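Every number in this text was worked out from the coordinates using simple rules, so none of it is lab data. None of the values given here were measured: they were computed from a predicted structure. Heads up, the Cβs are rebuilt from the backbone with ideal geometry, glycines too, and the neighbour counts pull from every protein chain shown.
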Amino acid sequence: MGLNVKVEGLSLKKGYNLLIHNLNFEIKPGEVISLTGENGVGKTTLLRTLAGFLMPHAGTISAHENDVQIEPEIWHGSMTHFLGHHDALSPSRTVAQELKFQADFLGGEVAGIEQLNLLGLMDLETRYLSAGQKRRLSFARLLMVKRPLWLLDEPMAPLDVGHRALIAGLMQKHLSEGGMIIAAVHDPLPFETRGLKLERPTAKEREAASV
Ligand SMILES: Nc1ncnc2c1ncn2[C@@H]1O[C@H](COP(=O)(O)OP(=O)(O)OP(=O)(O)O)[C@@H](O)[C@H]1O
C-alpha cells in the first residue's frame, strides 16, 4: 500500500551503446538508494530516464499509489525532482531573481534561503557563484514544492564539509517525511542507504541488444 516506484527489466542505450541491461529494483517512502558504479557506466543516464527526460530501450518504470498506477505525465511532471551535476541556473539572474523564477516556474513559494545559507548571496549574479554555492542554490527548488522522489546526481560533489552535513540533514528530513531519494554518488552518503551498483553489460548482452 502507499506509494512505490518499480523498475522492471530496464535496459538503457546511448546511441548504439547498451549501457544498462535488465535492471530491476523498487523504492518506497523513507528509502534512499545510493547509485554507484565506475565513470560512464550509466548513473546519470539512469537518473535522467527515471526523471522522464530519456526513454528506456526496454523495460518499464512505474509508480503506484495504493496499487493504482500514476500516469507517467503526472509522475514526471509533478512528483519527481531531478538535480543534475550541471546546475541549471541562468547566469545573468541574481540569486534572488533565480529563486523567484524557480518558485514561479514550479508554482511554489521561494524557500531555502536560510536553510541553504544563501542569505549573503542574494544580490550576486549566479555566474559569479562558486560551484558549491551553485549547488546549494539549485537545491532550493527541492524545498519549494514537495515532490516525493528526489533524483540527485552527485549532490555532495562540490560541497565543503559543513555544507555536506547541511544537505545530508535536508535529505534525511525529506526521508523522515516519507520522501524517497535515488542519488548517484562516488563517496558514500553520511547516513545509512541501500546500495545499487551498476555494472557494464556483458559482451553477449550488448550483442543481443544490437540486433
Ligand atoms: N551518442 C552516444 N553513443 C554512444 N555512447 C554514448 C553516447 N553518448 C554518451 N555515451 C556514453 O554513455 C555513457 C553515459 O554515461 P553517464 O554519464 O550516464 O555515466 P555516469 O555513470 O553518470 O558517469 P560518471 O561517474 O562519469 O558521472 C558514457 O559511457 C558515454 O561515453
(message) One residue is enough: does segment 81-99 have a residue meeting the conditions away from the ligand (no atom under 16 Å from the Cβ), surrounded by 13 or more Cβ atoms within 10 Å (Cβ to Cβ) and under 19 Å from MET156 (Cβ atoms)?
(response) yes
(request) Spot the failing condition for LEU10; the list is (1) assigned to a strand (DSSP E or B); (2) within 18 Å of THR193 (Cβ to Cβ), and only one is missed. (result) (2)
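Only one of these is at positive phi, surrounded by fewer than 20 Cβ atoms within 10 Å (Cβ to Cβ) and over 18 Å from the mean Cα position of the chain (by Cα): ASN17, ASN66. Name it.
Numbers: ASN17 fails: at positive phi.
Just one listed residue meets the conditions, ASN66.
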(request) Kindly indicate the residue of segment 25-71 that is free of Cβ contacts under 8 Å to residues at least 12 places away in the same chain and of a type in the set (A, V, I, L, M) and also nearest to the ligand (Cβ to nearest atom) among those meeting that condition. (result) MET55
(request) Only residues that are under 25 Å from HIS76 (Cα atoms), surrounded by fewer than 20 Cβ atoms within 10 Å (Cβ to Cβ) and touching a residue at least 40 places away in the same chain (Cβ under 8 Å): list them for segment 158-175, please. (result) LEU170, LEU175
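Restricting to segment 142-168, name every residue that is part of a helix (DSSP H, G or I), out of contact with any strand residue (DSSP E or B) (no Cβ under 6 Å at 6 or more places or on another chain) and within 17 Å of MET180 (Cβ to Cβ).
LEU143, ILE167, ALA168
Step by step: first the residues of segment 4-14, then only those that are crowded, with 19+ Cβ neighbours inside 10 Å and more than 9 Å from the ligand (Cβ to nearest atom), then the one that is nearest to MET171 (Cα to Cα). Which residue is that?
Taking segment 4-14 as the starting set, the residues that turn out to be crowded, with 19+ Cβ neighbours inside 10 Å are 5, 7, 10, 12-13.
Now narrow it down to the ones that are more than 9 Å from the ligand (Cβ to nearest atom): 5, 7, 10.
Details: VAL5: 18, VAL7: 22, LEU10: 26 Å.
Step by step, filter segment 4-14, then rank; the result is VAL5.
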(request) Filter segment 176-197 for residues that are assigned to a loop (DSSP other than H, G, I, E, B) and buried (at least 18 other Cβ atoms within 10 Å of the Cβ) and give the result. (result) GLY179, VAL185, LEU189, THR193
(message) From the list GLY195, GLY120, exactly one residue is of a type in the set (Gly, Ala, Ser), over 16 Å from LEU83 (Cβ atoms) and within 16 Å of the ligand (Cβ to nearest atom). Which is it?
(response) GLY195
(request) Identify all residues within segment 198-211 that are of a type outside the set (Lys, Arg), buried (at least 16 other Cβ atoms within 10 Å of the Cβ) and in a helix (DSSP H, G or I); write none if there are none. (result) ALA209
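Could we say that LEU19 is within 14 Å of the ligand (Cβ to nearest atom) and closer than 16 Å to PRO148 by Cβ here? First the steps, then the outcome.
Values: within 14 Å of the ligand (Cβ to nearest atom): yes; closer than 16 Å to PRO148 by Cβ: no.
For LEU19, the condition - within 14 Å of the ligand (Cβ to nearest atom) and closer than 16 Å to PRO148 by Cβ - is not met.
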